[in-house]
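*Asks:* First the structure, then my questions, so here it is.
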Amino acid sequence: MVSTPNFDELNAICGSNESKEYFKFLFVQEEAENEGFITKTIEWCDGMHEKIAMFGAMLEEGQRFSHFDAAHWDGMECLVQAQARNRVILQAFLQLLDVLREAREEKRKHVMVMEVHE
C-alpha cells in the first residue's frame, strides 16, 4: 500500500475520501487564503501611502528650521532616505498585490474545475 500522509490528512480535515471533494476543499481554502493576503496587502499599501504623505509633510515643514541645528538637518537627511526606501517598499507591495490579484483568477478556476466533477 502506498503511503499518502498529506492526502490522508486532507481527507480527515474535509471529511471525504472522494478526490473531487478533498481537492475542492483544498482549492476553496487556497482561494480564501489568497483573499486574506489581498486584504492584508491593501492595508499595508494604505499604511505606506499614509506614512509617505506624513514624511512628505515633515520634509516640507522641516525646511523652516534654523540651518544652525545640525541634529535637525542630520535627521532631515535620514528622513529623505527613509522616504525613498518607503517608496521602494510601496512599489514592492503593489507588485505583490498585482501577483495576488492574478492568482485570484487562477485559484477560482481551480475551484471551478473541481465543481465540474460534482
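*Asks:* Kindly establish whether E35 is exposed (fewer than 12 other Cβ atoms within 10 Å of the Cβ) and modelled with pLDDT of 95 or more.
*Replies:* So E35 fails the test.
*Asks:* Same structure again: I'm checking my understanding of the structure. Among residues of segment 1-19 that are under 31 Å from the mean Cα position of the chain (by Cα) and polar (S, T, N, Q), which one is surrounded by the most Cβ atoms within 10 Å (Cβ to Cβ)?
*Replies:* Looking at the filtered set, the residue picked out is N11.
Yes/no matrix, rows are residues, columns are (1) assigned to a helix (DSSP H, G or I); (2) surrounded by 12 or more Cβ atoms within 10 Å (Cβ to Cβ):
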| residue | (1), (2) |
| --- | --- |
| E21 | yes, yes |
| E31 | yes, yes |
| M48 | yes, yes |
| A53 | yes, no |
| M58 | yes, yes |
| F65 | no, yes |
| A71 | yes, no |
| E77 | yes, no |
| N86 | yes, yes |
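*Asks:* Please determine, by comparing only the residues of segment 75-118 that are closer than 21 Å to I52 by Cβ and of a type in the set (D, E), which one is farthest from the chain's Cα centre (by Cα).
*Replies:* Only one residue fits best here, namely E77.
*Asks:* Another one. Would you say A103 is without any contact (Cβ under 8 Å) to a residue 40 or more places away in the chain and either over 30 Å from Y22 (Cβ atoms) or in a helix (DSSP H, G or I) (or both)?
*Replies:* It is false that A103 is without any contact (Cβ under 8 Å) to a residue 40 or more places away in the chain and either over 30 Å from Y22 (Cβ atoms) or in a helix (DSSP H, G or I) (or both).
The values are calculated or read from the model by the stated rules, or taken from the named source; none is laboratory data. These figures come from a predicted structure and were not determined experimentally. FYI the Cβ positions are ideal-geometry reconstructions off the backbone, even for glycines, and counts take in every protein chain you see.
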